[in-house]
Amino acid sequence: MPVLPGAEPFRHEGGEAGVLLCHGFTGSPQSLRPWAQHLAEHGLTVSLPLLPGHGTRWQDMALTGWQDWYAEVDRELRALSERCTSVFVAGLSMGGTLALRLAAKHGDAVSGVVVVNPANRMHGLAPYALPVARHFVRTAPGIASDIAKKGSVELGYDKVPLHAAHSLRTFFRQVDGELPQVTQPLLVLRSAQDHVVPAADSARVLSRVSSTDVTEIVLEQSYHVATLDHDAERIFDESLAFIGRHTTGIGSEGTAARG
């Protein structure tokens, strides 16, 4: 299936410091593209891949699982590591979960982690029905575009494939057990109001990681997709400053970005 306009991956060849950005569940690179472009404009090498099953139609996503999504960002991290002397991982929602697992698994190959409203578990009673319900009901209502800013829209599916949701629940459990392996500097940005991922998820991440250099910032004016919301510029600036504190060479000119 063709990729939806705006959902294309983004890559930029910049300096020796690289950043891997991971988008969220049922979303696409569109939700992080302004962030990626901001980092690219400041001389960073940036990779923002399209996760398998995303950015086309929900039926394609129903055929994928967490192993497919993680394998994609794992490949991108390895490619960045060959190109850059330092690599940072970042993500929104499930993309934050992917970034945390990359940090846990790759150790010193990851210089730091930035997560925005990271997801850690599925809440309520409905997830307990997923193992059985997914065989009888194909989808649930979509979760895209939880944004406070008028006129700002996230490009994501209007339905959640339950097979993929079941895999996501398994992934959350997997990563929760691996969080103590995260030792890198960590920046957590979470929205004061989030209708998709509660603050408890960020709190759980902060309580489980082994990082000693930890910063938490509360975004007062944004909902879940904060990278497209009122606090977007703050996310961009705070993440750039965070990267600058933990590497050198920020601010040099790179080659033209391509999307």
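The values are calculated or read from the model by the stated rules, or taken from the named source; none is laboratory data. On a predicted model such as this, the values are computed, not experimentally measured, just so you know. When we count neighbours, we look across all protein chains shown, and the Cβ atoms used for this are built from the backbone with ideal geometry, even at glycine. Ligands, DNA and RNA are stripped out before the accessible areas are found, and what is left, the full protein with its side chains, is counted by its heavy atoms. Shrake-Rupley method; radii C 1.70, N 1.55, O 1.52, S 1.80 Å.
Would you kindly give the portion of the calculated P(r) for the stretch 14-77 that falls above 18 Å, as a percent of all Cα pairs?
Of all Cα-Cα distances in the stretch 14-77, 39 percent exceed 18 Å.
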Any lysines with Cα under 28 Å of the Lys159 Cα? List them, leaving off those in the same chain fewer than 8 positions away. Lys149, Lys150
Carbon and sulfur atoms account, in whole percent of the 1.4 Å probe accessible area of the chain, for 51 percent
Would you list Thr139, Thr26 from the most to the least accessible area, probe 1.4 Å? Thr139, Thr26
Would you mind working out the magnitude of the charge dipole of the chain relative to its Cα centre, with +1 at each Lys and Arg C-beta and -1 at each Asp and Glu C-beta, to the nearest 20 Debye? 780 debye
Give the Rg/Rh ratio for the stretch 161-236, taking Rg as the radius of gyration of the Cα atoms and Rh as the Kirkwood radius, to two decimals. 1.01
Å² per residue, accessible surface of the chain at 1.4 Å: 42 Å²
For the chain, list log₁₀ I(q)/I(0) at each q in 0.07, 0.10, 0.11 Å⁻¹, using the Debye formula over Cα point scatterers of equal strength and ignoring solvent, two decimals each. -0.21, -0.43, -0.52
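Below 8 Å, C-alpha to C-alpha, sequence gap of six or more: please give me the relative contact order for the stretch 137-222 in percent.
Normalised by residue count, the contact order of the stretch 137-222 is 30 percent.
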Using alpha-carbon positions, what is the distance between the centroids of the stretch 14-45 and the stretch 188-246, in Å? 16 Å
In degrees from 0 to 90, rounded to the nearest 10, what is the angle of the helix 162-178 Cα long axis to the longest principal axis of the chain? 50 degrees
